Amino acid sequence: MKYVFYGQSPVGELTLAQEGGALTHLLFGHVQMDAVQEKTPLLTEAWGQLEEYFAGARRVFDLPLMPQGTDFQRRVWDALLTIPYGETRSYGEIAALAGSPKAFRAAGMANHNNPISIIIPCHRVIGKNGSLTGYGGGLEAKRFLLELEKREF
């Protein structure tokens with residue numbers, strides 16, 4: 001069974017979903033899903049960890065994740081999880097970590113299709129020249145998240 005929860009955050013409304021005991025989605029906005037709207041224990045824990053993150057009290061998430069995608073997308077998402085809090089990487093660096101150093105555009109698309117934003121930190125990927133480039137939650141949200149991670153709490 002799939003469950004969904006909607007909550008307000010400093011970057012706007014977020015949609016969290018779980019299935020089979022793992023988080024499957026963390027999306028920006030109110031995204032309609034074919035799911036039961038219920039704040040399960042896992043979704044409660046995920047929301048609590050997000051609140052700690054936004055308060056500057058959490059740097060690493062500890063949740064079971066189950067993003068659905070191709071093998072390459074999953075390798076990119078695994079590479080994103082290696083980016084330390086407060087640091088950034090380029091799309092080329094992520095492509096190399098995913099085992100395809102020349103596939104920086106494909107890594108960008110996998111980054112764009114990340115179904116578990118923030119927790120799988122796609123906001124930490126920037127252009128080779130240091131530009132923010134696009135972000136599913138909007139550039140203001142990306143800027144906010146990067147600035148949040150630079151703060152000393």
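Derivation of every value follows stated rules applied to the coordinates shown; laboratory data play no part. If you're wondering where the values come from, they're calculated on a predicted model, not measured in any experiment. We place every Cβ from the backbone using ideal geometry, glycine too, and count neighbours over all the protein chains shown.
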Quick one: divide the alpha-carbon radius of gyration of segment 1-86 by 2.2 N^0.38 Å and tell me what you get. 1.10
Hull volume in cubic angstrom per residue (convex hull over the Cα atoms of segment 45-116): 89
Could you tell me how many degrees, from 0 to 90 and to the nearest 10, lie between the Cα long axis of helix 71-80 and the main elongation axis, the longest principal axis, of the Cα atoms of the chain? 90
Normalised by the number of residues in the chain, what is the relative contact order in percent for Cα pairs under 8 Å and 6+ residues apart? 21
As an exercise, use a Förster radius of 41 Å and the Cβ-Cβ distance of residue 31 and residue 87 to find the FRET efficiency, rounded to the nearest 0.05. 0.90
Between residue 40 and residue 100, how high is the FRET efficiency from 1/(1 + (r/R0)^6) when r is the Cβ-Cβ distance and R₀ = 30 Å? Nearest 0.05. 0.25
Around residue 23, which amide H atoms from residues at least 5 apart in sequence, or from another chain, sit under 5 Å from its own amide H, with H modelled in the peptide plane? 65, 66
If you plug each phi of segment 141-149 into the Karplus form 6.51 cos²θ - 1.76 cosθ + 1.60 with θ = phi - 60°, what whole-Hz ³J(HN,Hα) values come out, in order, with x for Gly and Pro? 5, 4, 4, 4, 5, 5, 5, 4, 6
Using only DSSP helix segments of four residues or longer, with each worth -39500 (n - 2.57), what per-residue ellipticity at 222 nm results for the chain after dividing by its residue count and rounding to 500? -10000 deg cm²/dmol
Segment 40-106, relative contact order in percent, only Cα pairs under 8 angstrom and at least six apart counted: 20
Highest first, please rank the peptides 99-110, 30-41, 64-75 by the mean number of other Cβ atoms sitting within 10 Å of their residues. 99-110, 64-75, 30-41
Please go through segment 112-153 and write out the trypsin sites (Lys or Arg not before Pro) that DSSP classes as loop and that have at most 13 other C-beta atoms within 10 Å. 128, 151
For segment 71-150, go through all pairs of different Cα atoms, get the mean of 1/r, take its inverse, and jot down that Kirkwood value in Å. 12.1
Which semi-axes, in whole Å and largest first, does the equivalent ellipsoid of the chain have when worked out from the alpha carbon gyration tensor as the square roots of 5 times its eigenvalues? 24, 18, 13
